Every structure is written in C-alpha cells, then in structure tokens.
1. Would you indicate which of (1) 146; (2) 123; (3) 113 is the value of volume of the Cα convex hull per residue in Å³ derived from the coordinates of this structure?
2. How far apart, in nanometres, would the label points at residue 99 and residue 127 be if each is projected 7 angstrom from Cα along the Cα-to-Cβ direction?
3. So how much slack lies between residue 15 and residue 150, counting 0.36 nm per residue of separation and subtracting their Cα-Cα distance, in nm?
4. What is the helix-to-structure angle for 13-28, meaning the angle in degrees between its Cα long axis and the longest Cα principal axis of the chain, kept from 0 to 90 and rounded to the nearest 10?
5. So, in Å, what gap is there between the alpha-carbon centers of segment 63-115 and segment 1-26?
6. List 9, 59 from most exposed to least, where exposure is judged by having the fewest other Cβ atoms within 10 Å.
7. Would you list 10, 79 from fewest to most Cβ contacts within 10 Å?
8. Using Cα pairs under 8 angstrom and six or more residues apart, how large is the relative contact order of the chain, in percent?
C-alpha cells in the first residue's frame, strides 16, 4: 500500500499537511506514515539527564500523534503509523524515505507567514528533482473546506 509521509512538528502548517495526507489516503486507499524528528541539540546534557529528556520528548510526540491518529481513524478511516527519528530534519526525512519503500509521496505544510514557506519546504523543494518520491506542498493558509475541494 502506498503511504503518504507527513512530518509532525509544532508548526501551524503541520495541521494542513496532516489533513491533506489523511484525505488523500482515504480517497486513494493508501496509508499515512507520520514522521516526528527529535533534534540532536535537545540532548546535549549529561548522559542520564539526556536519556530522561529523550524519553520525555518521545512521550510528547506520542501524545501529539494520538490526537491526529484518532481524528484520522474517526473521520477518514485511516490508521496512521508513527515513526520517531533523532537527528537533523532533512537527513532524517530522506533516510525515512529510503528505508520505507511503501512511502510514495512526501507531504509538507508550507508556512503562510511573510518569512517564507519554512526551512523544510525550502530545503526539500530545492532537492525535489533528485528525491525518490514526489513532494506535495500544502499551503498553510488553506481552509479545511479548500483542502476538501482539492482532495
């Protein structure tokens, strides 16, 4: 089954990317893989403290994911899969795409601020010609109704 890979983070535009991935998966009979990345700088502490912080970060991610997962299951009949990786965002996204052959599309949410679409969208769209999967960029400013109309 083809899966839509979507990045879970604390940005507003993440919500639209999640919505789009769930709607497309429902309409195409696909799945959703949700990737959350823990940045390495969060754990530059003593070994014991770093390990506690790492587990707390994983717990926060799981709780955040469960909100989206329940919505996807209830509203779109899609049961998403959570993947948690540690490291720099772009290399981890690329590694996940390489290691998960079922991923068919990368879905990113673009920021709607004047500062641009965001670092992930900027970096990954520059690499779009060399990526092994298509990239769908979902505008952060689109309403739920607008998203439903294009899906």
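Every read-out reported here was derived from the displayed coordinates using simple, explicitly stated rules and does not represent laboratory data. Predicted model, so just to flag it, every value in this text is computed and none were measured. As a convention, Cβ positions derive from the backbone with ideal geometry for all residues, glycine included, and neighbour counts pool all protein chains shown.
1. Correct label is (3).
2. Going from the residue 99 label point to the residue 127 one covers 1.5 nm.
3. Numbers: separation 135, 0.36 × 135 = 48.60 nm, distance 1.60 nm.
Roughly 47.0 nm would be gained on extension.
4. 50 degrees
5. Each part's Cα centre sits 6 Å from the other's.
6. Details: 9 17, 59 10.
Ascending number of Cβ neighbours within 10 Å: 59, 9.
7. Numbers: 10 8, 79 11.
Fewest to most other Cβ atoms nearby, the residues stand as 10, 79.
8. Numbers: 241 pairs, mean separation 50.1, N = 151.
This gives 33 percent for the chain.
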